[in-house]
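Every number here is computed from the coordinates shown, using simple stated rules; none is lab data. The shown structure was predicted, so the numbers you read here are calculated from the model rather than taken from an experiment. Here Cβ is always computed from backbone atoms with ideal geometry, including for glycine, and neighbour counts include all displayed protein chains.
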Amino acid sequence: MKILVVYYSMYGHIHRMAEAVAEGAKEVQGSKVEMRRVPETLSDEILGKMGALEAQKTFAHIPLCSVDELASADAVVFGTPTRFGNMCGQMRQFLDATGSLWVKGALIGKVGSVFTSSATQHGGQESTILSFHITFLHQGMIIVGLPYSFQGQMRIDELSGGSPYGASTISGGSGERLPSENELAGARFQGKHVAMITSKLIK
């Protein structure tokens with residue numbers, strides 16, 4: 001059972017969440033988990049001006065994902081930061097290149113899941129994940145979220161991301177807030193849940 005964790009991270013928040021998703025998925029017996037990044041579309045000059053170039057060096061060792069790799073997986077968990085209530089442009093461009101998979105029906109019946117981040121508590125995390133689901137449905141994928149059996153999303157004693165749509169983290173306006181342990185726990189739970197559902201589907 002192959003599970004891909006495919007993500008874009010600018011400052012490292014989504015990268016850390018992706019690591020947690022992979023950790024959770026690996027807990028399920030028989031799962032082979034691989035992490036991949038989608039290609040960057042911004043120049044080093046622009047990334048440098050945004051203060052993101054140094055941060056990206058910390059996860060530059062993660063291989064870039066090719067479109068064809070998606071077809072080889074049984075499940076794909078995507079991670080994207082929020083941009084005005086939607087996925088980032090880098091992820092959108094990657095998905096827009098999957099037309100060849102759509103023509104062949106190569107992703108039909110595969111599990112798809114999403115996690116995200118935003119700068120603020122109400123920065124569009126849920127709309128980002130829900131709008132991502134539209135692509136899944138066009139590709140014939142099976143949507144898996146973060147069920148309420150992860151009770152960390154019910155907490156009201158601290159600021160935290162997470163919803164039944166998927167795990168999420170709040171980064172702060174300058175990226176100063178790192179994913180909390182509760183948010184990472186949600187990502188691990190989601191990874192494990194995706195792997196468990198996938199294992200049942202491929203039997």
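Here are a few things to note about the model shown:
- Taking all Cα pairs closer than 8 Å and separated by 6 or more residues, the relative contact order of the chain comes to 27 percent.
- Of the chymotrypsin sites (Phe, Trp or Tyr not before Pro) found in segment 127-203, those in coil by DSSP whose Cβ has at most 13 other Cβ atoms within 10 Å are Tyr148.
- Gain on full stretching of the segment that runs from His122 to Lys2 - 0.36 nm per residue minus C-alpha separation: 39.8 nm
- Counting DSSP beta bridges with both ends in segment 2-201, the antiparallel % (nearest 5): 10
- Each residue, Ala97 and Leu137, gets one label point 7 Å from its Cα in the Cβ direction; the gap between the two is 2.7 nm.
- DSSP H segments from the chain that extend 24 Å or more along their own axis, Cα-based, with Kyte-Doolittle mean of -0.5 or above: 181-201
- Given R0 = 22 Å, the distance between the Cβ atoms of Ser66 and Ile202 translates into a calculated FRET efficiency of 0.50.
- For segment 30-72, alpha-carbon Rg relative to the globular expectation (2.2 N^0.38 Å, N residues): 1.45
- Orientation-averaged projected area, Cα convex hull of segment 2-201 (nm²): 10.3
- Local electrostatic count at Glu27 - Lys and Arg +1, Asp and Glu -1, tallied over other residues with Cβ under 11 Å: +2
- Beta-bridge orientation, segment 82-203: approximately 40 percent antiparallel, per DSSP, counting only bridges with both partners inside.
- Potential extension, Ile108-Thr58 segment - 0.36 nm per residue separation minus Cα distance: 14.6 nm
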